[in-house]
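Engineer: Can you keep this structure in mind? I'll have questions shortly.
The values are calculated or read from the model by the stated rules, or taken from the named source; none is laboratory data. Keep in mind that what you see is a predicted model, and the values were worked out from it rather than measured. Backbone-built Cβ (ideal geometry, glycine too); neighbour counts: all protein chains shown.
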Amino acid sequence: MEAEDWKVPASDYDENILSVYDNDQDGRIGSIIKRLGGGKKTAVDLGCGTGKFLPLLANHFRGVQACDYSKEMINEAKKSHKHLHNLDYNVCDLRTSAPKMRPFDIALCINAILSSSIGDRENIWRNVRKSVRTSGHLVLVVPSLESALYSKYRLVEWNVRNGDSSKQALTEGFETEDKNGKIISRGGIINCGGIPTKHYLKEELICLAHRFGFKIKSTEKITYPWSTEFSKPPKWMKSPLPWDWLILLEKQNLRNR
């Protein structure tokens, strides 16, 4: 997934993009932010979009920087949060640069490391690391590859229950090529609304955290209703629900590892 793939109008962003903020019904991210906040601490939202998390961050940190690659998103966030006076805004493409005024005590990175390009993801991870001070924290949310495969299983189950043959159920449940005949799912790349999007295994996140100098403090799931995966899912399709990974990481000094 490239940054250009997300070029939806800022005014339509909330209608077109799954809101982690709205679906975190247990308040897991909010709980982490409140616990790590403090009167003298600073925070950055890497990929803030229209800024749903900004009021929460502004209420618990002395200074907050809102970053997004899209100038239109930044302008929309500014318009929506004029009443918050401890916010700074920065148009920043994490593929090429880290935010200004770094490092921060905490970085929020919600579904921002999604590029289908390994090179781009490597650069983003490096710039995310630069954004956090040593012993500071990264609150990371990424799509789960386990969940994506599980959702495809539920679609196969749905097809079987509807009377499809085994071959039909599998073919319609597990697509193997995109419209151009390119193999998908390789490397955790799954089509989401036609956009090739990186999904992560839990064990993969453990390896990435270690390689980029982070210690994992906790791993949780943010679950979503089935309506986020399928149009008009059947009533029998209940829990377990699909999820994203929510990982809390602490930045370590690479020389001391």
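Engineer: Among the residues of the range 220-242, write down those that are in contact with a Phe, Trp or Tyr (Cβ under 7 Å, 6 or more places away or on another chain) and either of a type in the set (D, E, K, R) or closer than 30 Å to Lys130 by Cβ (or both).
Structural biologist: Scanning the range 220-242 gives Lys221, Ile222.
Engineer: Here's a follow-up. Find the helices (runs of 4 or more DSSP H) located wholly in the range 8-50 whose residues include 2 or more that are touching a strand residue (DSSP E or B) at 6+ places or on another chain (Cβ under 9 Å) and at pLDDT 95 or above, and list them.
Structural biologist: Counting at least 2 such residues, we get 28-36.
Engineer: Here's something else I'd like to know. What number of residues in the range 117-161 are small (Gly, Ala, Ser) and crowded, with 19+ Cβ neighbours inside 10 Å?
Structural biologist: Count: 6.
Engineer: I would also like to ask the following. Among what's in the range 219-257 and is of a type in the set (Asp, Glu) and within 20 Å of Asp24 (Cα to Cα), pick the residue that is surrounded by the fewest Cβ atoms within 10 Å (Cβ to Cβ).
Structural biologist: That would be Glu220.
Engineer: Considering only the range 70-95, state which residues are assigned to a loop (DSSP other than H, G, I, E, B) and of a type in the set (S, T, N, Q).
Structural biologist: Ser70, Asn86
Engineer: Out of all the residues in the range 57-69, which are modelled with pLDDT of 95 or more and not in a helix (DSSP H, G or I)?
Structural biologist: Phe61, Arg62, Gly63, Val64, Gln65, Ala66, Cys67, Asp68
Engineer: Let me ask something additional. On the given criteria, is Leu94 in contact with a His (Cβ under 6 Å, 6 or more places away or on another chain) and touching a residue at least 12 places away in the same chain (Cβ under 8 Å)?
Structural biologist: Taking the combined requirement at face value, the residue does not satisfy it.
Engineer: Assuming Lys198 fulfils every condition listed in (1) under 19 Å from Val156 (Cβ atoms); (2) touching a residue at least 40 places away in the same chain (Cβ under 8 Å) apart from one, which condition is it?
Structural biologist: It fails just one condition, (1).
Engineer: Let me ask another. Hey, which of the helices (runs of 4 or more DSSP H) in the range 98-206, taking only ones fully inside, have at least 2 residues that are modelled with pLDDT under 90 and farther than 30 Å from Gly63 by Cβ?
Structural biologist: 145-161, 166-173
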